[in-house]
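The values are calculated or read from the model by the stated rules, or taken from the named source; none is laboratory data. On a predicted model such as this, the values are computed, not experimentally measured, just so you know. Glycine gets a Cβ as well: all are built from the backbone with ideal geometry, and neighbour counts include every protein chain shown.
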């Protein structure tokens, strides 16, 4: 079965065997190693799943970056602090123009308020947009009017990574080629590589066919060993993918 913690561990082990350096997004921006991986985790829902990922990574001496939304489904202060204490990076998963229905002035106020609240729990130097596929508003548009560096932020993946040079893999749509249905989690890639299943990525790593620099984006709520929860997420995601295809037309 794909999208289980067991499968994730298989992937992690193989990437380690391939001698990549695992870097937080913050450290990658400061000085990226020649052969490096950023493990990004968007905690849209089920923060305990993110905690499970963080604990597995700690066992394998791997660092990751975890982005949290300012909503009850994501924001769990105990989880955030525990992940911080495990040595991972904490970031803000902002959706300010969705929550303020496109109002830019209220959007930046919302951003500041939530950023300050998160910084009471952990250092925060990077942010990442939450796609909000059902919303007509793209929260990245906030930065057409403001500069996130004015708020002590050094980077945002969709603005500060050259994806012509850094290979981007995201589990959006509960598949590794889900950019076909993604509304906003898409980049202008410079690589002619496509994977559907996690096993395909593992096989490519074994053959040393993966690029030297990679950013993975995981949505931990999609990964589970429990068959009931796994099936529930599968059915939910398949429904969402149908809706997103309609939105993209």
_Criterion first (modelled with pLDDT of 90 or more and under 19 Å from the mean Cα position of the chain (by Cα)) does residue 173 satisfy it?_
no
_Tell me yes or no: at least one residue of the range 39-49 is surrounded by fewer than 15 Cβ atoms within 10 Å (Cβ to Cβ), touching a strand residue (DSSP E or B) at 6+ places or on another chain (Cβ under 6 Å) and farther than 20 Å from residue 202 by Cβ._
no
*Which condition does residue 102 not pass, out of (1) in contact with a helix residue (DSSP H, G or I) (Cβ under 8 Å, 6 or more places away or on another chain); (2) in contact (Cβ under 8 Å) with a residue 12 or more places away in the chain; (3) farther than 17 Å from residue 45 by Cα, if it passes all the others?*
(1)
*Looking at the range 192-229, which of its residues are more than 21 Å from residue 23 (Cα to Cα) and either within 18 Å of the chain's Cα centre (by Cα) or crowded, with 19+ Cβ neighbours inside 10 Å (or both)?*
195, 196, 197, 221, 222, 223, 224
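Considering only strands (runs of 3 or more DSSP E) fully contained in the range 2-87, which possess at least 3 residues that are in contact (Cβ under 8 Å) with a residue 40 or more places away in the chain? Before you say what the answer is, go through the steps one by one.
Details: elements: 21-23, 36-43, 65-68.
Because the criterion is at least 3 residues that are in contact (Cβ under 8 Å) with a residue 40 or more places away in the chain, the strands (runs of 3 or more DSSP E) in the range 2-87 that meet it are 36-43, 65-68.
Return the residues of the range 131-157 that are within 24 Å of residue 8 (Cβ to Cβ) and either buried (at least 21 other Cβ atoms within 10 Å of the Cβ) or at pLDDT 95 or above (or both); say none if nothing qualifies. Can you show your working first?
Of the range 131-157, the ones within 24 Å of residue 8 (Cβ to Cβ) are 131, 133, 157.
131, 157 - these are the residues of the range 131-157 that are within 24 Å of residue 8 (Cβ to Cβ) and either buried (at least 21 other Cβ atoms within 10 Å of the Cβ) or at pLDDT 95 or above (or both).
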